[in-house]
1. Applying the selection to the stretch 44-87, what residues are surrounded by fewer than 14 Cβ atoms within 10 Å (Cβ to Cβ) and under 18 Å from Gln12 (Cβ atoms)?
2. Could you say whether any residue in the stretch 152-172 is surrounded by 12 or more Cβ atoms within 10 Å (Cβ to Cβ) and within 30 Å of Ser43 (Cβ to Cβ)?
3. From the list Thr90, Thr15, Thr27, Thr97, which one is assigned by TED's automatic domain parsing to the domain that holds Gly122, crowded, with 18+ Cβ neighbours inside 10 Å and out of contact with any Phe, Trp or Tyr (no Cβ under 6 Å at 6 or more places or on another chain)?
4. Pairs under 7 Å by beta carbon, first residue assigned by TED's automatic domain parsing to the domain that holds Leu18 and among the hydroxyl-bearing types (Ser, Thr, Tyr) in the stretch 117-137, partner in a helix (DSSP H, G or I) and surrounded by 13 or more Cβ atoms within 10 Å (Cβ to Cβ), six or more apart or different chains?
5. For residues in the stretch 88-113 being in a helix (DSSP H, G or I) and among the small types (Gly, Ala, Ser), which is nearest to Ala8 (Cα to Cα)?
Amino acid sequence: MSGGDLLALFVQFATLSLLSVGGPISTLPGMHRFLVLEHGWLSDTQFTASVALAQAAPGPNFLFVTVFGWNVGGLPGALIATLGIVTPSTILVLAATSWVHDNRQSRIVRAFTAGMMPLTIGLMLATGWLLAQPFLIDNSHLLKLLGMLALFGATLLAMLKTRIAPVWLVIAGGVLGALGLV
């Protein structure tokens, strides 16, 4: 990668960092557009595999960004992508936390908090749709896809109708996945 490419990578991930409400995974569609569609640095398969590899590995939730950087630019790309996704949002959070804490009862803080929920949900749905694309295209995964959708529906129903702690639902989904049932 040239210096200009590394700068473009940093600027893109820094911009996405400021939009990553709910974590960087919510900005996967923007990363996909930049890395796969605009620059062709990764294929769809490489993109999805990078996310899956990073999410399966222990470590921070944004590890997939480092894997993207590594895949497109080696060590410099990994460092630039990681700094890009972490630095702006960290600075913003540190600056805003004190102000929000001091003004938590104000109308603007309450409105902002209420407005972020549908935005976060929408970004997460877009991410889920993007990651589901390989399963939707290849019919050999149809049974697993239906199992995952059933598990999603059961989890949603359990969250809405019971007082079961979400951690137990996550554990149950993990056990079903480990057994190969979904």
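The values are calculated or read from the model by the stated rules, or taken from the named source; none is laboratory data. Since the model is a prediction, treat every value here as computed from it, not as a measurement. Positions of Cβ are backbone-derived with ideal geometry, glycine not excepted, and every protein chain shown enters the neighbour counts.
1. Residue satisfying the conditions is Gly74 alone.
2. Yes, because at least one residue in the stretch 152-172 is surrounded by 12 or more Cβ atoms within 10 Å (Cβ to Cβ) and within 30 Å of Ser43 (Cβ to Cβ).
3. Thr27
4. Thr120/Ser26; Thr127/Ile25; Thr127/Ser26; Thr127/Leu28; Thr127/Pro29
5. Applying the filter and picking the extreme gives Ser89.
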